[in-house]
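Visitor: My questions all concern the structure below.
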Amino acid sequence: MSTVSKGDVAALRARIAAIEGVGRRVKGVLPFGLEAIDSRLPGGGLALGALHEVAGGGNGAVDGAAAALFAAGIAARTNGKVLWCITRPDLFAPALAQAGLKPDRVIYVEAH
């Protein structure tokens, strides 16, 4: 049976905190304006200047489109550029503009 020292535990806690982003400098948050959502997010909203993953609840095109338009509407409430990463070339960019996210603000990246 091996023993674990207090230093080992402290080092493990520090690694976990780094992975979770504890203590990182947040540039602010973008709240949804809904207590049921904001109360469950660190800082009360989506961290600005951070990477967020948004996906539909199913495998269908409708779920994916709804998720993309939801994310575009949220991103439209920010200032500056938005990095939009996709895994398939199936994004209909004009729909993002209809959700309020102007095309000149979006940098598109397709990655596998």
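Visitor: When region 81-112 is examined, which residues are found to be modelled with pLDDT of 90 or more and in a loop (DSSP other than H, G, I, E, B)? If you could, list the steps in order and put the result at the bottom.
Guide: Going residue by residue through region 81-112, those that are modelled with pLDDT of 90 or more are 81-85, 94-110.
Scanning region 81-112 gives 81, 99, 100, 101, 102.
Visitor: Something else now. Which pairs have Cβ atoms under 7 Å, sit 6 or more apart or on different chains, and link a residue in region 55-69 that is closer than 14 Å to residue 87 by Cα to one that is assigned to a helix (DSSP H, G or I)?
Guide: So the pair list comes out as 55/67; 56/63; 56/64; 56/66; 56/67.
Visitor: Need pairs with beta-carbon distance below 6 Å; first residue farther than 16 Å from residue 64 by Cβ and basic (Lys, Arg) and within region 74-101, second assigned to a strand (DSSP E or B) and open to solvent by 40 Å² or more (accessible area, probe 1.4 Å); sequence gap 6+ or separate chains.
Guide: Qualifying pairs under 6 Å: 81/107.
Visitor: Exactly one of (1) surrounded by 11 or more Cβ atoms within 10 Å (Cβ to Cβ); (2) at pLDDT below 85; (3) hydroxyl-bearing (Ser, Thr, Tyr) is unmet by residue 3. Its number?
Guide: (1)
Visitor: Take the residues in region 77-112 that are more than 23 Å from residue 31 (Cα to Cα) and charged (D, E, K, R), then tell me which one is surrounded by the fewest Cβ atoms within 10 Å (Cβ to Cβ).
Guide: 104
Visitor: Could you check how many residues of region 35-67 are part of a helix (DSSP H, G or I) and either open to solvent by 80 Å² or more (accessible area, probe 1.4 Å) or modelled with pLDDT of 90 or more (or both)?
Guide: Of all residues in region 35-67, those part of a helix (DSSP H, G or I) come to 35-38, 42-44, 61-67.
Filter once more, keeping what is either open to solvent by 80 Å² or more (accessible area, probe 1.4 Å) or modelled with pLDDT of 90 or more (or both): 35-38, 42, 44, 61-62.
So the count comes out to 8.
The values are calculated or read from the model by the stated rules, or taken from the named source; none is laboratory data. From a predicted model like this one, the values you see are computed outputs, not experimental measurements. Because the Cβ atoms are built from the backbone with ideal geometry, glycine has one as well, and the counts that use them run over all protein chains shown. To get the accessible areas, we keep the full protein, side chains included, count just its heavy atoms, and leave off ligands, DNA and RNA. Shrake-Rupley method; radii C 1.70, N 1.55, O 1.52, S 1.80 Å.
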